[in-house]
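Below: one structure, written as structure tokens.
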Amino acid sequence: MFSLEGKTALVTGASGGIGSSIARALASQGARLALSGSNADKLRAFRDELNSEFGHDHVEITCDLSNTTQVEELIPATIDTLGGMDILVNNAGITRDNLAMRMKDEEWDEVIRINLEASFRLMRAAARTMMKARGGRIVSITSVVGATGNPGQMNYTAAKAGLTGMSKSLAQELASRNITVNCVAPGFIRTAMTEKLDDKQKDAINSRIPMGRMGEGDEIGTAVAFLASDEAAYVTGQTLHVNGGMAMLS
Ligand code: NAP
């Protein structure tokens, strides 16, 4: 794959289903990582796992993305700890599903705050340090439903579509400094959550996917590693859809 030797990266939601696969993909290509999440125990356990698998002395930085003060501290803490930050991966995300007419203000606010506003704050802070370094990579994890819509997910789809638009704007602002800003949009990915579905539910999902199966976390990790690499220098403002053909979007 693509070498990330000598690069430093912050991955949010690093202990989650997809985040841990992204962290593994970046670490396996040689990057040194700051792993972030709100649950310190989970993060520490994952850091130990990653360090014993790949070396490189990866670190964990706890941050609750619903807390603005903590979000504003995350990039400075990453730079202090790693000595720089070449790559930002905005992966953390939550769902609070409800049909529009029943959706509570708190369900809307929480999803927008964690999935969209925190990403904005991290991208803004990352842009400052990457501008000085005259290079960098920002990759955000969106979702197929940000492009197609999905009943019961007005909050989530608004956040994911917002992340796509925001990334295109920033990509235009930073292109001349060799900083690329892209998104990876997963379809259904097999995680602990999807493993809890029964066979009938899984079959119903798989029947909507031309490849007839859900994706693996590694398949998202690989896409992120590509966009984070030097080889992807001329790719910016794009969304790489990884969904087994479920929605064929350009
Ligand atoms: P997951 O397993 O639930 O992981 C979510 C991650 O986000 C966890 O590491 C969690 O860390 C972190 N997180 C949640 N709330 C947080 C908060 N307040 N502050 C800091 N971190 C927080 O979810 P996933 O399936 O891997 O999803 C990862 C990304 O992929 C999300 O953006 C999601 O929208 C997107 N996605 C997933 C799928 C799918 O099929 N799974 C499909 C399309 C898109 P803590 O537990 O430490 O808080």
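Looking at region 169-211 only, could you name the residues that are away from the ligand (no atom under 14 Å from the Cβ), farther than 19 Å from GLY149 by Cβ and assigned to a helix (DSSP H, G or I)? Break it down into steps so the answer makes sense when it comes.
The first filter runs over region 169-211 and keeps only residues away from the ligand (no atom under 14 Å from the Cβ), leaving 169-182, 198-200, 203-204, 207, 210-211.
Restricting the remaining residues to those that are farther than 19 Å from GLY149 by Cβ gives 169-182, 198-200, 203, 207, 210-211.
Scanning region 169-211 gives SER169, LEU170, ALA171, GLN172, GLU173, LEU174, ALA175, SER176, ARG177, ASP199, LYS200, ASP203.
On the given criteria, is THR78 crowded, with 16+ Cβ neighbours inside 10 Å and among the polar types (S, T, N, Q)? Spelling it out, THR78 is indeed crowded, with 16+ Cβ neighbours inside 10 Å and among the polar types (S, T, N, Q). For beta carbons closer than 9 Å, sequence separation of 6+ or different chains, a first residue in region 133-147 that is under 16 Å from LEU116 (Cα atoms) and without any contact (Cβ under 8 Å) to a residue 24 or more places away in the chain and a second that is buried (at least 24 other Cβ atoms within 10 Å of the Cβ) and among the hydrophobic types (A, V, I, L, M, F, W, C), the qualifying pairs are VAL145/ALA185. Taken over region 148-168, the residue count meeting the criterion of being in contact (Cβ under 8 Å) with a residue 12 or more places away in the chain, more than 16 Å from the chain's Cα centre (by Cα) and within 11 Å of the ligand (Cβ to nearest atom) is 1.
Of the residues making up region 86-117, those that are in contact with a Lys or Arg (Cβ under 9 Å, 6 or more places away or on another chain), within 25 Å of GLN29 (Cβ to Cβ) and buried (at least 24 other Cβ atoms within 10 Å of the Cβ) are ILE87, LEU88, VAL89, GLY93. Under 20 Å from THR78 (Cα atoms), at pLDDT 95 or above and over 14 Å from the mean Cα position of the chain (by Cα), is that true of MET123? For MET123, the condition - under 20 Å from THR78 (Cα atoms), at pLDDT 95 or above and over 14 Å from the mean Cα position of the chain (by Cα) - is not met.
A single member of GLU107, GLU60 is away from the ligand (no atom under 12 Å from the Cβ) and at pLDDT 95 or above, and it is GLU107.
From the list ARG102, ARG96, pick out the single residue that is more than 12 Å from the ligand (Cβ to nearest atom), out of contact with any strand residue (DSSP E or B) (no Cβ under 7 Å at 6 or more places or on another chain) and either among the charged types (D, E, K, R) or in contact (Cβ under 8 Å) with a residue 12 or more places away in the chain (or both).
Details: ARG96 fails: more than 12 Å from the ligand (Cβ to nearest atom).
Answer to the selection: ARG102.
GLU117 meets the conditions (1) farther than 22 Å from ALA159 by Cβ; (2) in a helix (DSSP H, G or I) in every case but one. The failed one is (1).
When ALA25, ALA14, ALA34, ALA45 are checked against the criterion of being among the hydrophobic types (A, V, I, L, M, F, W, C), within 27 Å of GLY215 (Cβ to Cβ) and loosely packed, with under 15 Cβ neighbours inside 10 Å, ALA45 stands alone in meeting it. Here SER52 meets the list (1) on the phi > 0 side of the Ramachandran plot; (2) part of a helix (DSSP H, G or I) almost entirely, failing just condition (1).
The values are calculated or read from the model by the stated rules, or taken from the named source; none is laboratory data. Only a predicted model underlies this, so the values are computations on that prediction, with no experimental measurement involved. Every residue, glycine among them, receives a Cβ derived from its backbone with ideal geometry; neighbour counts consider all protein chains shown.
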